[in-house]
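Colleague: For reference, the structure I am asking about is given below.
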Amino acid sequence: MTTPSQSAVARPLRVLISSGEASGELYGAELLSALRGLHDGPVECYGMGGERMKAAGCELLVEAKDVAIVGLFEVISHLPSLYRRFHRLLDEVDRRRPDVAVLIDFPDWNLRLARELHQRGIPVVYYVSPQLWAWRKGRIRQVQKYVREMLVIFPFEREFYLKHGVEAEFVGHPLSELAPPNITRDDFAARWGLNPAKQWIALLPGSRRKELRLNLPAIVGAARRLGSEFEYVMPVASTLDAGWVREQIALCGGEINIHLCDDARAALLHSRVGVVASGTATVEAALIGTPFVMVYRLAGLTWTLGRHLVKLPHYGMVNLVAGRRVVPELIQEGFTPETVEREVRRLLPEGAPRGQMLASLDEVRQKLRGEIEDGGRTAGNAASPLPAAGAQAGNAPTDGAAGRGRLAGNVASPLPAAGARAARAVLRVAESTSGRENDPAAGIPWPRLR
């Protein structure tokens, strides 16, 4: 797929990737691997991300953990360091001009970066849409001006962008085609010190410091109320330090023992129920097939101002994809140790609440994989259902996979992986502008792809 102009100068395809969160840098790493597999020449990548992107071969100019700040007002005290890091990235863009830039979610940073890149004539592909359809819809004008193509991971997002005149492609959710974790429950228990004879509850309070501090007290309080008959496992996001997380748990008090680990998907797979902060982790839980309770708390002033900007029937992405309430949403004053305990206990035993949620999560998984459309119609070439992951034995506690029905990722997708589809789109944009002076100031327009 290398163009003649690229071959003539014998230089690699240069790609800037900017991701500011744990989920985004996972997608960035998958995308980079796919680019290297599809492009017939070398690929040079640099930008902002985390350990997964670094392991995939991206040169990190800015660490995502240094800019992952949540809240409308919390960012103010960090403005000087954010400014320095932002301009360090731009300085390298000026020095090593990329052929294409891929910006992954993180809109407060990436939409500003898109403007700067556009002014420099760098084509911008936005992978993983900001939730403009939910709030701050006025930012759609920035996307219209600065973004060549939007690669969306939720089916309903494509129509939103097409309606606003933005090129958009639904590439599928990057997590929807991942194979399930291959670590057994016994091996996972041995590695992280869990008792395999007990049922486990996964606790996912968030991937950023501010949200973890806000979400953790009620989650730990719920675990205390549920008691020691369960084991509690808490994955630590790549954007956080495990030692700091232990300190935060200790500040919440109580005698409950919470086991930290580094694999959210495996923790969810082997847990009976999850308590999951709103965000990508809720999609992970749905794709793994673990019943869960969605929770979230914002700073008081942020919530007071922000709640009136969101005009949606649900806060949780799983509920938005399903088009109805599938998982309970415990937000702000509704998010207490008592409410979390109540909802978790509803989902622990076999019965209607658990069974209905499992069936609904299966539907959500199929939508995210493109197997069924939003109206419930079956898409062509849909993958076959998977066998049950396990079965209960007697009265012994079972792991989370038992009786779950389907697990995403055990069969080949009817379409290429989301990362590969995204990579093809990125290469298409890069090659459509190769050899052109993509300088908006010179009046040379970027071609619009259909």
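None of the figures in this text is laboratory data; all of them are computed from the coordinates on show. Just so it is clear, the model here is predicted, and its values are computed rather than measured. Glycine gets a Cβ as well: all are built from the backbone with ideal geometry, and neighbour counts include every protein chain shown.
Colleague: Got a sec? How would W133, W244 order by Cβ neighbour count within 10 Å, fewest to most?
Modeller: Ranked by crowding around the Cβ, least crowded first: W244, W133.
Colleague: If you plug each phi of region 348-364 into the Karplus form 6.51 cos²θ - 1.76 cosθ + 1.60 with θ = phi - 60°, what whole-Hz ³J(HN,Hα) values come out, in order, with x for Gly and Pro?
Modeller: For region 348-364, the Karplus curve yields 5, x, 5, x, 4, x, 5, x, 5, 5, 4, 5, 5, 5, 4, 4, 4 Hz.
Colleague: Then there is this: A359 to E333: extension gain in nm, 0.36 nm per residue of separation minus the Cα-Cα distance?
Modeller: Taking 0.36 nm per residue and subtracting the Cα distance, the gain is 6.5 nm.
Colleague: Right, another one. Based on the Cβ-Cβ distance from R324 to H164, what FRET efficiency comes out when R0 is 41 Å, to the nearest 0.05?
Modeller: E(calc), rounded to 0.05, equals 0.95.
Colleague: Amide H neighbours of S129 under 5 Å, at least 5 residues apart or on other chains, H built in the peptide plane: list them.
Modeller: Sorted by chain and number, the residues that satisfy this are I153.
Colleague: Now, a different point. For labels at Q131 and R428 in the simple 7 Å Cα→Cβ model, what's the distance in nm?
Modeller: 2.8 nm
Colleague: Name the long-range amide H neighbours of D263: under 5 Å, sequence gap of 5 or more, or other chain; modelled H, no Pro or chain starts.
Modeller: It is V236, by chain and number.
Colleague: Could you name the lysines whose alpha carbon sits less than 22 Å from that of K163, not counting residues in the same chain fewer than 8 places away?
Modeller: K137, K145, K311, K367
Colleague: Sticking with this structure for a sec: For labels at A250 and H78 in the simple 7 Å Cα→Cβ model, what's the distance in nm?
Modeller: 2.4 nm
Colleague: How do H314, H270, H78 rank when sorted from fewest to most other Cβ atoms within 10 Å of their own Cβ?
Modeller: So the ranking, lowest neighbour count to highest, is H78, H314, H270.
Colleague: Another question about this same structure. Where both partners of a DSSP beta bridge lie in region 71-226, what percent of those bridges are antiparallel, to the nearest 5?
Modeller: If we restrict to bridges inside region 71-226, about 0 percent are antiparallel.
Colleague: Rank these for me by crowding, R115, R36, going from fewest to most other beta carbons within 10 Å.
Modeller: By the 10 Å Cβ count, ascending: R115, R36.
Colleague: Let me ask something additional. How far is the Cα center of region 96-158 from the Cα center of region 207-243, in Å?
Modeller: Region 96-158 and region 207-243 have Cα centres separated by 32 Å.
Colleague: Can you list the residues, at least 5 places off or on another chain, whose amide H is less than 5 Å from the amide H of E59, using H built in the peptide plane?
Modeller: C45, Y46, G47
Colleague: According to a simple spin-label model (label point 7 Å from Cα along Cα-to-Cβ), what is the distance in nm between D186 and S228?
Modeller: About 2.6 nm separates the two model spin labels.
Colleague: For region 234-303, what class follows from the C-alpha gyration tensor (a ≥ b ≥ c being the square roots of its eigenvalues): rounded when a/c is under 1.5, otherwise prolate if a/b is larger than b/c, else oblate?
Modeller: Oblate, because a/c is 1.5 or more while a/b does not exceed b/c.
Colleague: Output wanted: per-residue J couplings in Hz (rounded whole) for region 262-272, from phi through Karplus 6.51 cos²θ - 1.76 cosθ + 1.60, θ = phi - 60°, x for Gly and Pro.
Modeller: Result, rounded to whole Hz: 10, 9, 5, 5, 5, 4, 5, 4, 9, 9, 6.
Colleague: Using a Förster radius of 45 Å, what is the FRET efficiency between R95 and R141 based on their Cβ-Cβ separation? Nearest 0.05, please.
Modeller: Plugging the Cβ-Cβ distance into 1/(1 + (r/R0)^6) gives 0.90.
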